[in-house]
Amino acid sequence: MAAELNLDAEVAQAAAAELPLIVEPTVATSEVLRLLQMQRAGSVLICRGETLLGIFTERDALKLMASGADLTRPIEAVMSSQPATVGPQASIGDAIQLMSRGGYRRLPIVDGENRLMGVIKVSNILSYFVEHFPQAVFNLPPQPNVVMPEREGA
């Protein structure tokens, strides 16, 4: 019950990533792919100023490369426009529900004027659980279904 209460009370921004990777919409797709690789990032947010325009994820990159698309085009031509977002007052529970329904691993956090305020990732939510519920997480066996080849002890 405590987990449900905290998920509804704690805002998603409390579990948001520090600084997302951001590019302008005119940057070449090949440059964005290079940035993703160099930063070891799974996504890049496309913004004009502070306004969120779209998102480009590693899934998008794989689809793009598999299709043999022209990588010299600007990222705005291949990004996912109008991505699903949450507001700054959305709870972690709201973010989890939206991620689950949509199959998203990242959700931008935007204000009422679509200005980017951060991004919440599945890994951030897992870290939130580990930080707030260490007894539940750390008491799990490291490999729960291991069968030993021979009996231990006397």
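Report every pair of residues separated by at least 6 positions or lying on different chains whose Cβ atoms are under 8 Å apart, first residue within the stretch 44-61 and free of Cβ contacts under 8 Å to residues at least 40 places away in the same chain and part of a helix (DSSP H, G or I), second of a type outside the set (A, V, I, L, M) and buried (at least 19 other Cβ atoms within 10 Å of the Cβ).
Close Cβ pairs (under 8 Å, with a partner that is of a type outside the set (A, V, I, L, M) and buried (at least 19 other Cβ atoms within 10 Å of the Cβ)) amount to 58/43.
Only one of (1) farther than 17 Å from residue 11 by Cα; (2) assigned to a loop (DSSP other than H, G, I, E, B); (3) touching a residue at least 12 places away in the same chain (Cβ under 8 Å) fails for residue 68. Which number is that?
Looking at each condition in turn, residue 68 falls short on (3).
Among the residues of the stretch 1-58 satisfying the criterion of being in contact with a Leu (Cβ under 8 Å, 6 or more places away or on another chain), of a type in the set (Gly, Ala, Ser) and under 19 Å from residue 88 (Cα atoms), which is modelled with the highest pLDDT?
54
Taking the conditions exactly as written (surrounded by 12 or more Cβ atoms within 10 Å (Cβ to Cβ) and part of a strand (DSSP E or B)), does residue 96 satisfy them or not?
no
With the requirement that a residue be within 14 Å of the chain's Cα centre (by Cα), more than 15 Å from residue 80 (Cβ to Cβ) and in contact (Cβ under 8 Å) with a residue 60 or more places away in the chain, what does the stretch 90-115 give you?
Those that are within 14 Å of the chain's Cα centre (by Cα), more than 15 Å from residue 80 (Cβ to Cβ) and in contact (Cβ under 8 Å) with a residue 60 or more places away in the chain: 92, 95, 96, 109.
Got a number for residues in the stretch 23-43 being outside any strand (DSSP E or B) and in contact with a helix residue (DSSP H, G or I) (Cβ under 9 Å, 6 or more places away or on another chain)? Show your work before the answer.
Kept after step one, since they are outside any strand (DSSP E or B), are these residues of the stretch 23-43: 24-27, 29-42.
Next, from what is left, pick out any that are in contact with a helix residue (DSSP H, G or I) (Cβ under 9 Å, 6 or more places away or on another chain): 24-27, 29, 31-33, 36, 41-42.
Residues in the stretch 23-43 being outside any strand (DSSP E or B) and in contact with a helix residue (DSSP H, G or I) (Cβ under 9 Å, 6 or more places away or on another chain): 11 in total.
Scanning for something within 19 Å of residue 20 (Cβ to Cβ), at pLDDT 90 or above, touching a Lys or Arg at 6+ places or on another chain (Cβ under 7 Å) and assigned to a strand (DSSP E or B), does the stretch 121-140 turn up at least one residue? If you could, list the steps in order and put the result at the bottom.
Taking the stretch 121-140 as the starting set, the residues that turn out to be within 19 Å of residue 20 (Cβ to Cβ) are 121-128.
From what is left, the residues that are at pLDDT 90 or above are 121-122.
Narrowing the set further to residues that are touching a Lys or Arg at 6+ places or on another chain (Cβ under 7 Å) leaves 121-122.
Remaining after also requiring assigned to a strand (DSSP E or B): 121.
Taking every residue of the stretch 121-140 in turn, at least one turns out to be within 19 Å of residue 20 (Cβ to Cβ), at pLDDT 90 or above, touching a Lys or Arg at 6+ places or on another chain (Cβ under 7 Å) and assigned to a strand (DSSP E or B).
Quick one: in the stretch 42-61, of everything that is in contact with a Ser or Thr (Cβ under 7 Å, 6 or more places away or on another chain) and of a type in the set (Gly, Ala, Ser), which residue is farthest from residue 115 (Cα to Cα)?
Ranking the qualifying residues of the stretch 42-61, first place goes to 42.
The values are calculated or read from the model by the stated rules, or taken from the named source; none is laboratory data. Keep in mind the model is a prediction, meaning the values are calculated, not measured. FYI the Cβ positions are ideal-geometry reconstructions off the backbone, even for glycines, and counts take in every protein chain you see.
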